[in-house]
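Worksheet: the structure to be examined is printed underneath.
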Amino acid sequence: MTGLWGAKCRYVELYIDGLYQGIYVFMDKITQDENRVNVNEDSGYIVKFDKTDIADRYSGKEGANEDYKRNTFTTSNTGRTGISTYNITVDQAFEIEYPEKEDIVDAGGSWSGTVETIKQRFEDFETAFEAKNYEQVRAIIDYDSWADWFILNEFTKNLDAYRASCIFTCNGQGYKIQAVPLWDQELSFNNAAANIS
């Protein structure tokens, strides 16, 4: 509906060893690619705001290099830690999906510096928004993509909207943050146990 790439998905009925396991959504993964999420290879990034567990927060190489340890972040206003859900404890945080930390560190770059740069962009947005400095807000976010994102999430009554499974992209430092692609709509159209009327 937005004219931008959206994850292709389809409902599938799952059988394991002949036993019916239910209906699931089979969906494309969000990846950097000129035919999917088209951000600059050298300076662009894809960030997800979602529930994260310890596997999301740390890389398998944390013993080799301290710079590998940080994969997620919260801002001054957005995110929480230590949330109990589904019998596990998670954080609600931003997670950098692209670039891969191994690519940055193995090439001699600073992963902590990358995380700080991206985090600061979101902090700048929140600070400008809180101060009602809408000229600065317009300089930081792409209004068209954010408007589409809000309208579609409201129209579909997406239960996950604004709190989980939110994807943001940017083509580099100084570029506007886009709220694309739209993602995780399986709880839309009142397709959940919660009453959201």
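Structure above, values below:
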quantity	calculated
Solvent exposure ordering (accessible area, 1.4 Å, most first) of ARG80, ARG10, ARG121	ARG10, ARG80, ARG121
For the range 5-37 and the range 125-142, distance of Cα centres in Å	36
nm² value of the averaged projected area, convex hull over the Cα atoms of the range 83-160	7.9
Geometric extent, Cα atoms of the chain - Rg, Dmax (angstrom)	18.0, 59
Label point distance in nm, ASP144-ASN77, each placed 7 Å from Cα along Cα→Cβ	2.5
Size of charge dipole - the chain - debye, nearest 20, with Cβ of Lys, Arg +1 and Asp, Glu -1, no other charges	480
Length gained when the stretch VAL12-SER112 is fully extended (0.36 nm per residue, less Cα-Cα span)	32.0 nm
Protein accessible area in the chain, 1.4 Å probe - carbon and sulfur %	48
Label point 7 Å beyond Cα of PHE155 along Cβ direction - residues of the range 1-43 with amide nitrogen under 16 Å	1-7
Projected-area mean, the range 94-136, by convex hull of Cα positions, square nanometres	3.5
Net charge of neighbours whose Cβ lies under 9 Å from the Cβ of VAL180, counting Lys and Arg as +1 and Asp and Glu as -1	-2
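The values are calculated or read from the model by the stated rules, or taken from the named source; none is laboratory data. Only a predicted model underlies this, so the values are computations on that prediction, with no experimental measurement involved. Virtual Cβ from ideal backbone geometry, glycine too; neighbours counted across all protein chains shown. Surface accessibility is based on the protein's heavy atoms, side chains included, excluding ligands, DNA and RNA. Shrake-Rupley method; radii C 1.70, N 1.55, O 1.52, S 1.80 Å.
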